[in-house]
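J.: My questions will all concern the structure given below.
The values are calculated or read from the model by the stated rules, or taken from the named source; none is laboratory data. As the structure is a prediction and not an experimental result, all values here were calculated from the model. Neighbour counts run over all protein chains shown; Cβ positions are idealised from the backbone, glycine included.
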Amino acid sequence: MVVELLSVDDHTSSDVKMAATRLVAEVLINRVPSSACTLFPKILLPSSCSAYHHIHLKHNRCVLHQTYQVQSRSVHFSVPSLQNKLETGHDAEIEILGKQYPRDDFTTVTPKILSRVGVSLQNQNHHPICLIKERIRDFFFILAFLNRRGNPLFSIYDHLSPIVTTAQNFDSVLVPQDHITRKKGDNYYINRDMMLRAHTSAHQHDLVQCGLDCFLVAGDVYRRDEIDSSHYPVFHQMEGVRLYTKHELFEKCKGGSHLELFEANSARTDLKQETHTLEAVKLVEHDLKDTLIRCTQHLFGKDIETQWVETTFPFTHPSWELEIKFHGEWLETLGCGIMEQQLLQSAGAGDKIGYAFGLGLDRLAMLLFDIPDIRLFWSTDERFISQFQVKDPTSVKFKPFSSYPPVYQDIAFWLPTDYESNNFYDFVRTMAGDLVENVQLIDDFTHPKTNRKSHCYRITYRSMDKVLTLEEINQIQDRIREQVEGELSVQVR
Ligand code: FA5
Ligand code: MG
């Protein structure tokens, strides 16, 4: 193995020294047993090296002088990527599903999140996310929408890559440039052009452009969000789109041959878009709501209580959310609406009218199977998986394996000016993984004299399969305390 070694001189800034040390540690510890490494003035050196030359970091620039024969395999890193890593603490490129993507100032994906990409719970047999997808798919395939020959009208796409362009995720569905949903703090950007999709609506435009007018898309979606029992940075959605020609929409109406989808010189109101006729919109709205209510009853039974709430999306108007009553509380399960005509126009289907919806699969599965915590979907514990490996999983109710006690830890720090809580949530997830059940902001304080802001968070640790020892949690909490300052530019109090 060829290992390139670094040394630093006394004029090097401490940040660069730190980055260099971390870099060398990573390169070497991955490949050389850590017992063979010692911290050499301030830097790493494998004791098995037969000879070495220094590589100086002069004026904070990296100059490589020599490579080392340690063993036979060859490992190289290029100077530009090394330089980038020294400056930012990261590689210049990110590998996702075997492909390289350049990093830039917009990158927010973390290794923890990337480890979820490609898992595709929606396609894992007997997994509750897959089971709920299948039940909804069956509703659309079998119960609701057979065409005259008995074939399903809808087709389903559940293998589309979650790696999309920002144009697909936002521009293609008319999300304005300054819309809050584009915020760096709310999304997992790979770089300025690519991201992990934040909703399955990212595929609407492409599929309509392919000529499809009745389809479902199921997939994993990624959002930087708070941490609690119903929020996880990866969840699953099922998108549905149905387009109608004038004939399809009006064929069942008496005198329908006189009705039109579009009208000129009309205004946008709360009820409709400017291009649509009110009669066309009302028919599509009726079909949309009727379909989604029947789907909900197919999942939860006829007695389920539901309510429609008006809302807005950039890609539909008018728009609604469907809430269902569960354990006495209203829970939002989907968003939907009449597709913006401009979207259809730009996808080459401007002569049709359509509806679209996006269902939250995790929430529906939690309700259907009585799953109390969204983290459980990622559990590989037999006691979870095996409960769904039955012949007829439709009536499975999850039986919690005993609940282990939580451990609470608080941390408070002063904030830099560009601070966002989502950065801290992500950082905690990276450091402690799925042992974190909840992170709650418990104190938001502004110093009366200095105007400096400080946050205090309570982290709840709980394992789903064992009792956590205080020692184990203290170790994690110590690492969080040690590294949070460097990672987020905060100052621990
Ligand atoms: C959307 O994502 C829209 N793309 C939905 C849509 C599609 C509207 C087509 C109109 C036409 P929203 O962000 O509300 O909307 O998410 C849709 C559903 O996903 C929610 O109703 C909820 O059930 C689920 N969901 C949203 N955020 C989370 C989360 N953090 N954890 C679990 N489920 C979530
Ligand atoms: Mg919503």
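J.: Just checking, does the range 410-428 include any residue being surrounded by 13 or more Cβ atoms within 10 Å (Cβ to Cβ), β-branched (Val, Ile, Thr), within 20 Å of the chain's Cα centre (by Cα) and within 18 Å of Gln475 (Cα to Cα)?
T.: yes
J.: Counting just the residues of the range 230-260 that are of a type outside the set (Gly, Ala, Ser) and in contact with a Phe, Trp or Tyr (Cβ under 8 Å, 6 or more places away or on another chain), which one comes out farthest from Gln345 (Cα to Cα)?
T.: Tyr232
J.: Of the residues Ile480, Ile473, which single one is surrounded by 12 or more Cβ atoms within 10 Å (Cβ to Cβ) and touching a helix residue (DSSP H, G or I) at 6+ places or on another chain (Cβ under 7 Å)?
T.: The match here is Ile480.
J.: Out of Thr165, Thr181, report the one residue that is in the same structural domain as Leu361 (by TED's automatic domain parsing), hydroxyl-bearing (Ser, Thr, Tyr), more than 21 Å from Leu243 (Cα to Cα) and within 16 Å of ligand 2 (Cβ to nearest atom).
T.: On the way: Thr165 fails: within 16 Å of ligand 2 (Cβ to nearest atom).
Result of the check over Thr165, Thr181: Thr181.
J.: Moving on. With respect to Gly301, is the statement that it is assigned by TED's automatic domain parsing to the domain that holds Ala167, at pLDDT below 95 and more than 28 Å from the chain's Cα centre (by Cα) true?
T.: When the stated conditions are applied, Gly301 passes them.
J.: Could I ask something else about it? Check every one of the strands (runs of 3 or more DSSP E) wholly within the range 188-305 and list those with 2 or more residues that are under 20 Å from Phe141 (Cβ atoms).
T.: 214-222, 234-244
J.: Kindly evaluate Ile324 against the criterion of being of a type outside the set (Asp, Glu) and away from ligand 2 (no atom under 16 Å from the Cβ).
T.: no
J.: What number of residues within the range 258-281 are over 29 Å from Thr181 (Cα atoms) and surrounded by 14 or more Cβ atoms within 10 Å (Cβ to Cβ)?
T.: So the count comes out to 8.
J.: Look through the range 203-245, keep the residues that are of a type in the set (A, V, I, L, M) and within 16 Å of ligand 2 (Cβ to nearest atom), and return whichever of them is farthest from the chain's Cα centre (by Cα).
T.: Only one residue fits best here, namely Met238.
J.: Taking the stated definitions as given, is Leu196 among the aliphatic types (A, V, I, L, M) and either surrounded by fewer than 19 Cβ atoms within 10 Å (Cβ to Cβ) or without any contact (Cβ under 8 Å) to a residue 60 or more places away in the chain (or both)?
T.: Judged against the criteria, Leu196 is not a match.
J.: Scanning the range 324-359 for residues that are more than 9 Å from ligand 1 (Cβ to nearest atom) and charged (D, E, K, R), which turns out surrounded by the most Cβ atoms within 10 Å (Cβ to Cβ)?
T.: Restricting to residues being more than 9 Å from ligand 1 (Cβ to nearest atom) and charged (D, E, K, R), the top hit is Glu340.
J.: Continuing with this model, one more query. Could you list, in sequence order, the residues of the range 306-322 that are polar (S, T, N, Q), more than 9 Å from ligand 1 (Cβ to nearest atom) and either under 16 Å from Arg363 (Cβ atoms) or buried (at least 17 other Cβ atoms within 10 Å of the Cβ) (or both)?
T.: Listed by number, the residues that qualify are Thr306, Gln307.
J.: Between Tyr222, Tyr232, which is of a type in the set (Phe, Trp, Tyr) and modelled with pLDDT under 95? Give the derivation first.
T.: Numbers: Tyr222 fails: modelled with pLDDT under 95.
So the residue among Tyr222, Tyr232 that is of a type in the set (Phe, Trp, Tyr) and modelled with pLDDT under 95 is Tyr232.
J.: Further question: Within the range 363-382, is there a residue that is farther than 23 Å from Phe326 by Cβ, crowded, with 18+ Cβ neighbours inside 10 Å and among the small types (Gly, Ala, Ser)? Spell out how you get there, then give the answer.
T.: Initially, the range 363-382 is screened for residues farther than 23 Å from Phe326 by Cβ, giving 380-382.
Still in the list and also crowded, with 18+ Cβ neighbours inside 10 Å: none.
No, there is no match, as no residue in the range 363-382 is farther than 23 Å from Phe326 by Cβ, crowded, with 18+ Cβ neighbours inside 10 Å and among the small types (Gly, Ala, Ser).
J.: Considering only residues that are more than 30 Å from Ile442 (Cα to Cα) and either surrounded by fewer than 21 Cβ atoms within 10 Å (Cβ to Cβ) or of a type in the set (Gly, Ala, Ser) (or both), which ones fall in the range 218-250?
T.: Selection gives Ala218, Gly219, Gly240, Tyr244, Thr245, Lys246, His247, Glu248, Phe250.
J.: Oh, and also: Which residue pairs have Cβ atoms closer than 7 Å, lie 6 or more positions apart in sequence or on different chains, and pair a first residue in the range 319-346 that is not assigned by TED's automatic domain parsing to the domain that holds Thr306 with a second residue that is more than 8 Å from ligand 1 (Cβ to nearest atom) and of a type in the set (Phe, Trp, Tyr)?
T.: Between residues of the range 319-346 that are not assigned by TED's automatic domain parsing to the domain that holds Thr306 and residues that are more than 8 Å from ligand 1 (Cβ to nearest atom) and of a type in the set (Phe, Trp, Tyr), there is no close pair.
J.: Taking the condition of being away from ligand 1 (no atom under 13 Å from the Cβ) and within 30 Å of Asp370 (Cβ to Cβ), how many residues in the range 278-288 meet it?
T.: Total satisfying the criteria: 0.
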